[in-house]
Amino acid sequence: MKRFHIHIAVDDLDANIHFYSGLFQAEPTVRHADYAKWMLDDPRINFAISQRGGKAGLDHLGIQVESAAELAAVQQALTAAALPVVEQKQAACCYAESDKYWSVDPQGIAWEAFHSLHSIPVFGADGVVTPEPAGSCCGPKSACSPQ
């Protein structure tokens, strides 16, 4: 079963934890000094926020899957639709190691399809890696721009 994912960069982690805990009527499932995540069933969402020095606002969207087979099916659908796709295996990001496929929509918003393999004790060094949007190279950390 798939779970919708939203990741937002924030300026003030504590203020945002307070806001989203009230909105979701739940405390974060995962909390670190620079990151918090809610794994909710109603709505079925993986909602994450982080304070890592980047510009505040929408970081990326995604679809979290529960198995390697589901991830392969999402990747096949992206490829069949002739959408840009970048593979990222064993990515260390957001206190988890995951296999991912990244794409970018026509507006330049990064989308990830991912299967989390296990938790790790650090935020991780891997970030958003997306293919270039059609006709431009303006997506976050686009594959065609310097990293």
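General remarks:
- Selection status of I17, under 13 Å from the mean Cα position of the chain (by Cα) and not hydroxyl-bearing (S, T, Y): no
- Members of the stretch 40-97 that are among the acidic types (D, E), surrounded by 13 or more Cβ atoms within 10 Å (Cβ to Cβ) and outside any helix (DSSP H, G or I): D59, E97
- Test for K100: is it among the basic types (K, R), farther than 24 Å from N16 by Cα, in a strand (DSSP E or B) and at pLDDT 85 or above: yes
- Residue that is modelled with the lowest pLDDT [pool: residues in the stretch 1-39 that are among the aliphatic types (A, V, I, L, M) and part of a loop (DSSP other than H, G, I, E, B)]: M1
- Looking only at the stretch 73-120, and only at residues there that are in contact with a Phe, Trp or Tyr (Cβ under 9 Å, 6 or more places away or on another chain) and of a type in the set (G, A, S), the one that is farthest from Y35 (Cα to Cα): S103
The values are calculated or read from the model by the stated rules, or taken from the named source; none is laboratory data. As the structure is a computational prediction, the values presented were derived from the model and not from experiment. For neighbour counting, all protein chains shown are included, and Cβ atoms are generated from backbone atoms with ideal geometry for every residue, glycine included.
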